[in-house]
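The values are calculated or read from the model by the stated rules, or taken from the named source; none is laboratory data. Quick caveat: nothing in here was measured; it's all calculated off a predicted structure. No Cβ is skipped: glycine too gets one built from the backbone with ideal geometry, and neighbour counts run over all protein chains shown.
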Amino acid sequence: MPICIECRYPVSSLYTTYSKADDRTLGKGVRLTQCPRCKRFADKYVEHDFVVLFIDLVLIKPQVYRHLLFNRLGREDGRFNPSIIRLGVLLLLFDVYLTWARIEEAMPSPSASDSVSMPTPSDPFSHPTSNATGSGQWNASSLLPTSNLLSEQPIILQYVFFLVLCALETVSFHLPIRTLLSLRLPRPLSYLIPHYPHPAVISTALLVSSFTKLFPLLLLIWKYDLPSSASAVSWAVIINNVAALEILLECGVIRAAILAAVGAVCRAGIGWCILRAAGVGSGVAAAGVVETGDLLELWKRLALHVGIGQ
């Protein structure tokens, strides 16, 4: 049942059609429903185009999230809207591009490893390493970068690897949040984790709020520093995820941030394990794929906010 995007009051319909020949997006042939509680239009975005929706999403307006989650895309029958499936695939492909580019930026190039000179025993500033026999010898493996098994594979296999990596990270981010919200926890924990038995709507909210992953498309036009721009995109995604959960669940910013942090920790753990198994774990911290620093900073700000509130 649709709701009023201003006060969340259920309404029977969002608009009344008078002429099918006119264009609804131009406000012709339709009359918007007035909310019986707040006396405002139940959903003004019915006659707005995608550009207006996108701008209000960037501004994190609660009304546009309610329009998308309750009146347009959200389904309580456990299935996804076809538009959400297409958006999820598009976000996954952009995530593959970002992750791959950030890891390649962090990993040392082969030319750098070739230019490393091994010191000689006559060098007074060199430090010999002792082997099993106790004699001072030089360990070249400690000077050369760790071999990257992934870079030795064909380009198709590399793309498949990052595609599977990003897909598993996305699942590991959505699944813990959906599982926690589907549980009926006892009284002390129910104040911290609310109950919401519609997992498809939760994933829809997380996917819609991750639209800022599409911003690196501007890198094709303007040249930016990839690590810094990717970090900014990651922060924007975190903020929008917290806002979407708070608007959907009406649980407050702190509880929404805790849910988003749980999903981020699970995603970071899965990504770190896969990258370490592939032999590129040394470049994870520099690439920022596992955003533990961002996560710790988020927890610090939440703790500071709670302390101020008390």
Going by the structure shown, is Val96 farther than 13 Å from Ile3 by Cα and free of Cβ contacts under 8 Å to residues at least 40 places away in the same chain?
no
Return the only residue of Leu226, Leu245, Leu259 being touching a helix residue (DSSP H, G or I) at 6+ places or on another chain (Cβ under 6 Å), of a type outside the set (Ser, Thr, Tyr) and modelled with pLDDT under 90.
Leu226
Within segment 1-24, take every residue that is part of a strand (DSSP E or B) and surrounded by 14 or more Cβ atoms within 10 Å (Cβ to Cβ) and give me the one that is modelled with the lowest pLDDT.
Tyr15
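Anything in segment 51-102 that is polar (S, T, N, Q) and either touching a Pro at 6+ places or on another chain (Cβ under 9 Å) or over 25 Å from His198 (Cα atoms) (or both)? List them, or say none. Let's see the steps before the verdict.
From segment 51-102, those polar (S, T, N, Q) are 63, 71, 81, 83, 99; that's our starting set.
Asn71, Thr99, listed by residue number.
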